[in-house]
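Read the structure below first, then the notes.
The values are calculated or read from the model by the stated rules, or taken from the named source; none is laboratory data. Keep in mind that this is a model prediction, so the values were computed, not measured. All Cβ positions, even for glycine, are placed from backbone atoms using ideal geometry, and neighbour counts span all protein chains on display. Just the protein is used for accessible areas: all its heavy atoms, side chains included, with ligands, DNA and RNA removed. Shrake-Rupley method; radii C 1.70, N 1.55, O 1.52, S 1.80 Å.
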Amino acid sequence: MSSFENPLISTPARALPRSIGVIGAGTIGPDIAYYFKSEIPGLELVLVDVRQEALDAAVARLHGYAEKGLARGKLSAEQAANVRANIVATTDYGALANCDWVLEAATENLELKRRIFADVEAVVRPDTLITSNTSSLPASRMFAQLKHPERATVTHFFAPAFKNPAVEVIRWERADAAVIEYIRWVFASTGKVPLTTADEVCFMLDRIFDNWCNEAALLLGQGATPAQVDSVATEFVNAGPFFVLNMANGNPIIVETNTLQMEEGEHYRPAEIFHSAGRWDTVAPGARVPVADELAAAISDRLAGILLSQSVDILDRHIGTPEDLDLGCRLAFDFRQGPLQMLRERGEAECARVLARFAAERPGMPMPTRALAEYARFRRFILVDDVPAGDGRVVRVITLRRPEALNAIHDEMTDEILATISAAEHDAAIAGFVITGYGTKAFSSGADIGRFPSLLGDAEAGAQYARDCSRLLVYLDRCPKPVVAALNGMALGGGLELAMRCHALVALRHARMQLPEITLGIVPGIGAMVVPYRRWPAAAETFHGMLLRAESLRAERAAELGILDACVATQAELIPAAVARVLELAGKPYGIGDAPVAIPAVSVASEPVAANGQRLSAAISAILQQAVSDAAAAGDFNEALEIGYRAFGASACTAAAREGISAFGERRAPDFAATG
Ligand code: NAD
């Protein structure tokens, strides 16, 4: 099994686990158990603790989660029943004998964990996976004494473990590479975002978080209060360090983890106050108390300083990749942006100033070993993998990875895709490209709204915006190598416009396509009113329904209509199907024709309504109707695209667009009856 950045490109040797053991029914063990139970149908759960009361409370918690999930519509009745069924809660390690995977989430103590793993190994099969949820202890220290250490590693979750998508997976020297790939595959197949890190104390993300909390506590010695530190921290995060420490009962954890980091130097010593403090007197997320300017600057610099210091150290020591570091900070800790994005936005000079101050205040803390700008230079929003084509060449697979936005496309992602393909367009070793989305839910949920709100009322600026946003798509029209879209999940709006511009499309059976723009009071301006009619004219009625009523198109139906070249049942078949299509297309000319297409008339109701019953805008429907007809009649593909861009600009000048965009921002339903 080869290692790919996108874990779902691998084809695993094993299926999803059928039985999982979780050891430790304290704070996080039951949450991890709930994640597995709600994601893996038919899973047996064996929950082990030394305290019967912890087990009883954990089972009650799992039942409570199932009930709440069902009541809130987050779980189907079947999923809720699946969570409640098949749970063995016991103090007997023997019950773990048939588990495919045993995950330990017991008290953070090396000796205790070593004893637990010896007990586990005595009862399970030699190939049963054994992983630990430790926050800080390296795998090499915990698993060295196992008879079969190759099946063991650390899988580090973040609270709340059923909701927080980040999980660190530790690649350590004695672990079998196939085991690591399998674990990454399980996580990515079940809604998590595995981040692979090196086997260092505290791994990658807790180096950021524990030290961020420790600096916050050290600032109290300089006259700041917890509420003041949390107030200033809102610049970086929604919930400040003291608020989170209260929530997670985190004081002893910081003492534990920072003491461990002191192996690397005295500068990691945990703040003395952690030993005596209980709950911190602080403000709720988002709230602020007054802080004098000079103190606010000192707090801000110190917090930025620790983020930068730890980030450069993580990269210099190859503990994790820059893209995983930034993504992990956003996902695991809800940082507004990753520290490397902060570096880029603040600029080299400002960050050098912050670091110089930090070095003076905190001697010994890691400092950059190369130019700061170098740390910020990396691809943030796509993963790139080369899949062997079988003829000595490779197919380059680009994975859109922005899991917090269901892989929505924005300017930077567009530029990364464009740069990646164009850099290799003449490389003979590359047969072509596949574009897919990260995870199982979405290929791409659309395009970010971006600068659009600032263009409302300006038709020319709106049209130019659409032209600018099309730069990747018009490149694909003339790309000399085939580019195939592999739809791993929903493709909406701008995401579908990207897929439709690829030279062929393949999809998983559960994928669906939709153009929801009209429900926002705008039109899809970068190809959707033009391209599908020229490529698949026989499906014109379907596209009318998608554009004018936001109807959803299932992958199976799209395959029947000839829009998809393949519709496959499992993720394991998806990338191979896309790669095969690239190889079939390689060397063949590609282009969307200039000839006009005859399509059925587009009719619009006087009071248009979407497929979901939402009232739509008559003005926007009329713009759409005209643009679709004019573009089909145009005798030149580029002119047809221009019609789409101008229609987008025209839609930006309607009251409906203003209402739709405001409603979107305010998370309410738009009122198109009032706007027309
Ligand atoms: P906890 O103290 O709340 O729970 C630990 C549980 O382990 C207790 O119920 C205890 O009875 C049980 N236990 C102790 N010895 C045992 C043994 N020999 N066999 C079976 N069970 C035993 O701790 P927690 O916060 O749930 O953390 C568990 C692990 O997860 C730790 O390694 C911690 O560092 C890590 N972790 C916790 C969080 C979090 O948010 N709580 C986040 C990431 C990682």
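Loop-located trypsin sites (Lys or Arg not before Pro) in segment 364-439 (DSSP state not H, G, I, E or B) with no more than 15 neighbouring Cβ atoms inside 10 Å: R370, R377. Since only N251, A161, H275 are under comparison, the one whose Cα sits farthest along the positive direction of the charge dipole of the chain, derived from C-beta charges on Lys, Arg, Asp and Glu, is A161. Across segment 188-197, computed HN-Hα scalar couplings (Karplus, 6.51 cos²θ - 1.76 cosθ + 1.60, θ = phi - 60°) run 5, 6, 10, x, 9, 10, x, 10, 7, 9 Hz from first to last residue, x flagging Gly and Pro. Between the residues A540, F36, I643, the greatest Cα displacement towards the positive end of the dipole of the chain, with unit charges on the Cβ of Lys, Arg, Asp and Glu, is found for A540. Projecting the Cα atoms of T440, V384, A419 onto the charge dipole of segment 377-445 (Cβ charges, centred on the Cα centre) puts T440 farthest toward the positive pole.
What is the ratio of the Cα radius of gyration of segment 376-505 to 2.2 N^0.38 Å, with N the residue count, to two decimals? Taking N as the residue count of segment 376-505, the ratio is 1.07.
All Cα-Cα distances of the chain, cut into 10 Å bins from zero to the largest, leave 3, 14, 22, 23, 21, 12, 4, 0 percent in each bin in turn. Rolling a 1.4 angstrom probe over the protein heavy atoms with all chains in place gives segment 305-384 an accessible area of 39 Å² per residue. Rounded to the nearest 10 degrees, the angle from helix 29-39 to the longest Cα principal axis of the chain is 20 degrees.
Nearest 10 degrees is fine. How inclined is helix 411-423 to the longest principal axis of the chain, computing both from alpha carbons? Helix 411-423 sits at roughly 80 degrees to that axis.
For the listed peptides 294-307, 661-674, a ranking on the average number of other beta carbons within 10 Å per residue, highest first, reads 294-307, 661-674.
Normalised by 2.2 N^0.38 Å, with N the number of residues, the alpha-carbon radius of gyration of segment 325-426 equals 1.37. The accessible-area ordering, largest first, of the residues I526, I32 stands as I526, I32, per a 1.4 angstrom probe. Restricting attention to segment 75-226, close to 20% of DSSP beta bridges with both partner residues there are antiparallel.
Here is how the number arises for the chain: DSSP H runs of 4 or more residues each give -39500 (n - 2.57), the sum is divided by the residue count, and the result at 222 nm is -13500 deg cm²/dmol. Give the lysines reachable from K113 as a straight Cα distance under 18 Å; neighbours fewer than 8 places away on the same chain don't count. Cross-link targets: K147. Charge dipole of segment 255-379 (Cα centre as origin; +1 on each Lys and Arg Cβ, -1 on each Asp and Glu Cβ, all else neutral): 300 debye, rounded to the nearest 20. Note on the chain: antiparallel DSSP beta bridges, both residues inside, total approximately 25 percent of the bridges counted. Over segment 92-232, the pair-distance histogram of Cα-Cα distances with 5 Å bins from zero comes to 2, 10, 18, 19, 18, 13, 7, 5, 4, 3, 1, 0 percent, rounded to whole numbers.
Answer rounded, prolate or oblate for segment 196-271, using the Cα gyration tensor with square roots of eigenvalues a ≥ b ≥ c: rounded when a/c is under 1.5, else prolate when a/b is larger than b/c, else oblate. It is prolate, given that a/c is not under 1.5 and a/b is the larger ratio. Overall, segment 390-468 carries a charge dipole of about 360 debye about its Cα centre when +1 sits on the Cβ of Lys and Arg and -1 on the Cβ of Asp and Glu, all other atoms neutral. Here segment 243-315 exposes an accessible surface that is 55 percent carbon and sulfur, computed with a 1.4 Å probe and the other protein chains kept in place.
Relative to the longest principal Cα axis of the chain, at what angle does helix 110-123 sit, 0 to 90 degrees, rounded to 10? Orientation of helix 110-123: about 70 degrees from the principal axis. Neighbours of A371 by Cβ distance under 14 Å: Lys/Arg scored +1, Asp/Glu scored -1, total 0. With K and R counted +1 and D and E -1, the other residues having a Cβ less than 14 Å from that of Q614 yield a net charge of -2.
Only lysines eight or more places from K192 in sequence, or on another chain, were considered; those with a Cα closer than 22 Å are K37, K68, K74, K163, K441.
The charge dipole of the chain, taken about the Cα centre with unit charges on the Cβ atoms of Lys, Arg (+1) and Asp, Glu (-1), comes to about 1020 debye, rounded to the nearest 20.
How many percent of the alpha carbon pairs in segment 577-676 exceed a separation of 18 Å? Tail of the P(r) past 18 Å holds 62 percent of the pairs.
In a DSSP loop and with at most 13 other Cβ atoms within 10 Å, the trypsin sites (Lys or Arg not before Pro) in segment 151-207 are K163. When you filter the trypsin sites (Lys or Arg not before Pro) in segment 467-570 for DSSP loop state and at most 15 other Cβ atoms inside 10 Å of their Cβ, you are left with R478, R509.
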